[in-house]
Amino acid sequence: MPYGRPRGKVGELQRRLAEFAAARRWEPYHTPKNLVMALGVEAAELAEIFQWLTPGESARVMEDPGTAGRVADEVADVLAYLLQFCEVLGIDAPAALEAKIERNERRFPVTESGGRVDGGAGETDGLDGAQGKANRHSSE
């Protein structure tokens, strides 16, 4: 399992975040519950930027320097809280992601869907089992 602190740049950033929190004596507040709640808030702030944009507008969001800066800041906030969450629980985030990608590659082989983006015949849209376009994404 992917436990421990990652190596390389991600590990360095995770260490810096831990040192930043320790220097301010914030560790008592950095519980898994608090960090995952903060992560959700920051993800919502990122989503808020895109909330009423059309698909085309959302694809061009980085063309506006002001909006691009807001997006980058919110991405940084999401990543910071995710890395702090992983630090507290002892999860090596890159190793966890690599393991998840490998599981998804086995679960959803390209030959299963014939390369189709809809997931192939017989896929369902949700709990009710209705036939239709599958809701596939990398975090399943």
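What follows is calculated from the coordinates using simple rules that are stated; it is not laboratory data. Here the structure is a predicted model, which is why all the values come from computation and not from measurement. FYI the Cβ positions are ideal-geometry reconstructions off the backbone, even for glycines, and counts take in every protein chain you see.
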With a point put 7 Å past each Cα toward its Cβ, work out how far Glu19 is from Lys33 in nm, to one decimal.
3.1
Highest average packing first - 33-41, 52-60, Cβ atoms within 10 Å:
33-41, 52-60
Treat each spin label as a single point 7 Å out from the Cα along the C-beta direction, and report the Asp73 to Ala96 distance in nm.
2.7
